[in-house]
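**Q** Here's a structure for you.
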Amino acid sequence: MSATRFTYLGPEGTFTEAALRTLPEAATRELVPMVSVPAALDAVRNGEAAAALVPIENSVEGGVTATLDELASGEPLMIYREVLLPIAFALLVRPGTKLSDVKTVTGHPVAQPQVRNWLRTHLPDAVWESAASNADGARLVQEGRFDAAFAGEFAAATYGLEALVTEIHDAQNAETRFVLVGRPARPAAPTGADKTSVVLWLGDDHPGALLELLQEFAVRGVNLMLIQSRPTGEGIGNYCFAVDAEGHISDRRVSEALMGLKRTCPQVRFLGSYPRAGVALSEVRAARPGTSDSDFTEASDWLTRCLDGRA
């Protein structure tokens, strides 16, 4: 395995590359752009890279399905950290292009919902066609295949374009969450401000099936930060669920919730416990009464005394 190489959703100039470069370890790694999320993750699976940074969630559009599906299937991988990046788009064009010249635009599919209203107002007749990434859209504009691309302003220099309009976003404070993914190993020690990600499969379809899964978290005071259904590919109505929960797998409330899920689900895929990005320890809410590690320890000790006749 190449311990010095990180892959990311390319080509050069993507928001994913910008997010990757915020990590201190990126300065000492070879950063290799890949044509797709599956390609970036497969490089980790086959040992060509130590880790890959890929987008997993957007505050406007929700989960990035390509990443969720890749993490739910194939050889297991593990999330080691996350990165939050504020997102604002620029309309990149070839030099000399005016707004009235723009008849065709492109960008990543996740970008379109973030600029839909701006397009409706300023380019109502422009035809949209999706690209593999925002930077790939910029490359296609450079080649003359589209008039403009929505991408990061920083991509303009890479592709010989200019930013005709900047700071485009329908939603204020939009951001995208990226995850650094590697091969499975022991999770990092808890920080007190952590997140645990899993994928769950329903055993069978019956009233309350999803509720039963959620109750494993609820009765132990584990807050869920994301839950998204994804088709399993085994026919209409067959779904798995990607879940992000507050806490670390070593926290008793989280570990016992996962054990409960393992007893009732045909398959549970652990995707990792890792520090939450942008959250200070002082901002983490206290565990609900009865759900702290000391509460679980006290209950376990009480049960032992009962079994010993010392209750």
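The values are calculated or read from the model by the stated rules, or taken from the named source; none is laboratory data. Since the structure is predicted, the reported quantities are computational estimates derived from the model, not experimental observations. Note that each Cβ is placed from the backbone with ideal geometry, even for glycine, and that neighbours are counted across all protein chains shown. Accessible surface areas use protein heavy atoms only, side chains included; no ligands, DNA or RNA. Shrake-Rupley method; radii C 1.70, N 1.55, O 1.52, S 1.80 Å.
**Q** What does the accessible area per residue of segment 89-168 come to in Å², with a 1.4 Å probe and no ligands, DNA or RNA counted? Write out the running numbers ahead of the final one.
**A** Values: 3630 Å² over 80 residues.
Result: 45 Å² per residue.
**Q** I've got another one for you. Could you name the lysines in cross-link range of Lys262, using Cα to Cα under 20 Å and dropping any fewer than eight places away on the same chain?
**A** Reachable lysines: Lys195.
**Q** What ranking, highest mean first, results for peptides 72-81, 228-237 when packing means the other Cβ atoms within 10 Å averaged over each residue? Each step should come with its number before you reach the end.
**A** Numbers: 72-81: 17.8, 228-237: 11.7.
Result, highest mean Cβ count within 10 Å first: 72-81, 228-237.
**Q** Separate question: If you line up the long axis of helix 252-264 against the longest principal axis of the chain, both from Cα atoms, how many degrees apart are they, to the nearest 10?
**A** Once rounded, one gets 90 degrees.
**Q** With all protein chains present, how much of the accessible area of the chain (probe radius 1.4 Å) comes from carbon and sulfur, to the nearest whole percent?
**A** In the chain, the share of accessible area belonging to carbon and sulfur is 52 percent.
**Q** A further question follows. So if the hydrodynamic radius of the chain is defined as the Kirkwood radius over C-alpha pairs, what does Stokes-Einstein give as its diffusion coefficient at 20 °C and 1.002 mPa s, in µm² per second? Spell out each step's value before the answer.
**A** Working: Rh = 21.3 Å.
Value of D from the Cα-based Kirkwood radius: 100 µm²/s.
**Q** Based on the Cβ-Cβ distance from Ala218 to Ser130, what FRET efficiency comes out when R0 is 41 Å, to the nearest 0.05? Spell out each step's value before the answer.
**A** On the way: r = 38 Å, r/R0 = 0.93.
Efficiency at R0 = 41 Å is approximately 0.60.
**Q** Please compute P(r) over all alpha-carbon pairs of segment 186-310, binned at 5 Å starting from zero, and give each bin as a whole-number percent.
**A** Values per bin, smallest distances first: 2, 10, 19, 21, 17, 13, 9, 6, 2, 1, 0.
**Q** So how tilted is helix 112-122 from the main axis of the chain? Cα-based, degrees 0 to 90, rounded to 10.
**A** 40
**Q** Report, to the nearest 10°, how far helix 209-218 tilts away from the longest principal axis of the Cα atoms in the chain, using its own Cα long axis and a range of 0 to 90°.
**A** Tilt of helix 209-218: around 70 degrees.
**Q** Right, here's the next one. Accessible area per residue, 1.4 Å probe, Å², for segment 210-311: what's the number? List each step's numbers first, then the result.
**A** Details: 6010 Å² over 102 residues.
Averaged over the residues of segment 210-311, the accessible area is 59 Å².
**Q** Take Glu298 and Glu143, extend 7 Å from each Cα along the Cα→Cβ direction, and tell me the distance between the two endpoints in nm.
**A** In this crude spin-label approximation the distance works out to 6.5 nm.
**Q** Follow-up question, since we're still on this one. Report the antiparallel proportion of the DSSP beta bridges in the chain as a percent, rounded to a multiple of 5. The partial results should precede the final answer.
**A** Numbers: 46 of 60 bridges.
Of those bridges, close to 75 percent are antiparallel.
**Q** Moving to a separate point now. I'd like the distance between the alpha-carbon centres of segment 264-281 and segment 1-67, rounded to an integer number of Å.
**A** The two parts, judged by their Cα centres, are 19 Å apart.
**Q** Sort 52-63, 23-34 by the packing proxy (mean of other Cβ within 10 Å over each peptide's residues), most packed first. Don't skip to the answer; put the middle values down first.
**A** Details: 52-63: 21.9, 23-34: 14.3.
Answer by packing, highest mean first, reads 52-63, 23-34.
**Q** Using θ = phi - 60° and the Karplus relation 6.51 cos²θ - 1.76 cosθ + 1.60, list the HN-Hα couplings for segment 53-65 in order, rounded to whole Hz, with x at every Gly or Pro.
**A** Along segment 53-65, the couplings run 9, 9, x, 10, 7, 10, 5, 9, 9, x, x, 8, 5 Hz.
**Q** Helix-only mean residue ellipticity at 222 nm, the chain, DSSP H runs n ≥ 4 weighted -39,500 (n - 2.57), per residue, nearest 500. What is it? If you can, show how the numbers build up before the last one.
**A** Values: 8 runs with 81 residues, N = 311.
Calculated at 222 nm, the ellipticity per residue is -7500 deg cm²/dmol.
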